[in-house]
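The values are calculated or read from the model by the stated rules, or taken from the named source; none is laboratory data. No experiment lies behind these values; they were computed from the predicted model shown. Glycine gets a Cβ as well: all are built from the backbone with ideal geometry, and neighbour counts include every protein chain shown.
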Amino acid sequence: MYIGIDIGGSHIGIGLFDQKKNLIQKIVKPFDPLKGKENLVKMLIKELKKFSNIESIGIGVPGIVKDDLWVKANYLQISNYPIVKELQKEIKVPIFLENDSNCAGVGYLILNPEIKFGVFLTIGSGIGGAILFHGNVFSRNNDCIAEFGHLTYQENGRLCSCKRKGCYSQYASMKALRTNIARRKNCSHLQNEDVLSLLKQKDEIALEEFQKQNEILQKLIGNLANILSPQKIILGGSFSYFKEFVPLSFYENKEHWYNRDSDCKIEITDFGNDLGLLGSAFQKDYIRRV
């Protein structure tokens, strides 16, 4: 059996997989980053000890990694944290560490091995990315790659956790969508489930903010198409749970593309955050460090 762990901004997912990469069991736990990284490790150890006959564990984390070291994750206040070493004090199996968006890209590759060149966008608490090329996901050791959410959307705009201003993550992530709707409705906090409920009720504010998010994402997609010209640009993360509310025009609009006749396709996955679990568990077979 193999375990994949996906560490997000508000939840931790743990998936148990068999040798054929079938998901056997999934656990999702709420996670408060303000309680510290030591609390995170304690939580993981407690859950991992429930399993037996584990071949290996793969972890997907936001930010930058270097070998077994979690180098940086701004909004989780992580800096050079030896998470693998800490876990292996109690868990005596091989543990692999990689950026969470790259892991989601691996998950997509496993389910879609026919794709030769694609770009994967994870849209959740932030916006991350992965570059898929001939059966591999490209990564950098101790550096970042495909951090598309930190391209600039608005000069001198909203302050981002990376300390820059105007990043796409501050305008088109699921966190940004929740924040924008909550502000307009005078709510203290909204979960993705709350936003889904509002959209199903055809709430005017929720629909307007979701449309704005879609429009900003279309600009980001146009930039990626102009730079990379992949076969396909795939959107995943918790945004994929909102797929039913995305209009057909989202897939067809190439207003922001240089080549409006491009054959690049836009796709929203049907697997949500499960791709991150799958890709985390089997990352060692698909990640190519360059």
| task | Give region 271-290 a look and list any residue that's in contact with a helix residue (DSSP H, G or I) (Cβ under 6 Å, 6 or more places away or on another chain), more than 11 Å from TYR2 (Cβ to Cβ) and modelled with pLDDT of 90 or more, or say none. | result | LEU275, GLY276, GLY279, TYR286
| message | Restricting to region 147-162, name every residue that is assigned to a loop (DSSP other than H, G, I, E, B), modelled with pLDDT of 90 or more and either on the phi > 0 side of the Ramachandran plot or not basic (Lys, Arg) (or both). | response | GLU147, LEU151, TYR153, GLN154, GLU155, ASN156, GLY157, CYS160
| note | For region 179-210, the count of residues that are assigned to a helix (DSSP H, G or I) and surrounded by 14 or more Cβ atoms within 10 Å (Cβ to Cβ) equals 15
| So is ILE227 in the same structural domain as GLY118 (by TED's automatic domain parsing) and either in contact (Cβ under 8 Å) with a residue 60 or more places away in the chain or surrounded by 20 or more Cβ atoms within 10 Å (Cβ to Cβ) (or both) or not? | no
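Residues are listed down the side, and each one gets a yes or a no for (1) modelled with pLDDT of 95 or more; (2) touching a strand residue (DSSP E or B) at 6+ places or on another chain (Cβ under 8 Å):
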{"position": "GLN191", "(1), (2)": "no, no"}
{"position": "GLN218", "(1), (2)": "yes, no"}
{"position": "GLN231", "(1), (2)": "yes, yes"}
{"position": "GLU267", "(1), (2)": "yes, yes"}
| field | Selected residue (only one of GLU114, GLU98 is closer than 27 Å to ASP270 by Cβ, of a type outside the set (A, V, I, L, M, F, W, C) and assigned to a strand (DSSP E or B)) | value | GLU98
| field | Residues that are without any contact (Cβ under 8 Å) to a residue 60 or more places away in the chain and farther than 17 Å from LYS219 by Cβ, drawn from region 166-178 | value | ARG178
| field | Tally of residues being assigned to a helix (DSSP H, G or I) and either without any contact (Cβ under 8 Å) to a residue 12 or more places away in the chain or in contact with a Lys or Arg (Cβ under 8 Å, 6 or more places away or on another chain) (or both) across region 253-280 | value | 3
| message | Restricting to region 75-95, name every residue that is crowded, with 16+ Cβ neighbours inside 10 Å and modelled with pLDDT under 90. | response | TYR75, LEU76, ILE78, TYR81
| Top-ranked residue in region 134-146 [being in a loop (DSSP other than H, G, I, E, B) and not hydrophobic (A, V, I, L, M, F, W, C); ranked as modelled with the lowest pLDDT] | ASN142
